[in-house]
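Q: Take a look at the following structure, please.
The values are calculated or read from the model by the stated rules, or taken from the named source; none is laboratory data. Small disclaimer: the values here were computed from a predicted structure and weren't measured. Cβ placement follows ideal geometry from the backbone for every residue including glycine, while neighbour counts extend to all protein chains displayed.
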Amino acid sequence: MALLAPVGAAEAASGDADGTYTVTVTKIEVSKDAGATYTTVFSGSQAINIAAANAGATAAGLVSGAALAPGTYTRVRTTIGDTLSLKGYINISGSTYYTDGGSDSGAFTANGGVTDTPGSDYAISTFTIPADFRTNTNTSVSIAVKDGGASTCSITFDTSGVITNSGGLPSVGGPTITVTSS
């Protein structure tokens, strides 16, 4: 069995997430047979602020030392908990829509007539993640595990598109996640 090694620094957040985009990872699995079967490399509960500069290292630390059979793993399936904590804003039609400490549909307030200026109640809001979006399968990965050797994986998160304009209202989406192996 080979071991997964820890990764280096992650990509820092950019854009609208203002340093807070926290999810709880509950399971990480890998597959080398196109998703017919998976091997669990992490099971537990770990909150990760994926907008933080060390997010990739934290995520990779969850699987560091996991024993895997030799082969090329082409899928990574990640399951997260049911809530997301986010602090950020977006400009829509000359106004700043920002998180205000609320939850779900009551999570944003508009600061009318100004851009890039959240109000004094700018705070972390909590969003419910629909069940259908709690498991993500990344198929653009190729992790080669050699017998007796360790593979190094890098995980980066880009949160620049987390808050978007959806018909004139703010909408929350997922980050771009990139996994590479060497």
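Q: With (1) crowded, with 18+ Cβ neighbours inside 10 Å; (2) farther than 30 Å from SER140 by Cβ as the list, and SER93 as the residue in question, which single condition is left unmet?
A: In the conditions (1) crowded, with 18+ Cβ neighbours inside 10 Å; (2) farther than 30 Å from SER140 by Cβ, SER93 misses (1) alone.
Q: Considering only region 56-97, how many residues are in a strand (DSSP E or B) and either closer than 24 Å to GLN46 by Cβ or of a type in the set (Val, Ile, Thr) (or both)?
A: As a first pass, look at region 56-97 and keep what is in a strand (DSSP E or B): 67-68, 71-73, 75-80, 83-87, 89-92, 95-97.
After this cut, where a residue has to be either closer than 24 Å to GLN46 by Cβ or of a type in the set (Val, Ile, Thr) (or both) as well, the list is 67-68, 72-73, 75-80, 83-87, 90, 92, 96.
Number of matching residues: 18.
Q: A follow-up question, please. Name, by its number, the condition in (1) closer than 30 Å to ASN165 by Cβ; (2) assigned to a helix (DSSP H, G or I); (3) of a type outside the set (Val, Ile, Thr) that does not hold for ALA53.
A: (2)
Q: For region 97-144, how many residues are in contact with a Lys or Arg (Cβ under 9 Å, 6 or more places away or on another chain) and either among the acidic types (Asp, Glu) or modelled with pLDDT under 90 (or both)?
A: Result for region 97-144: 7.
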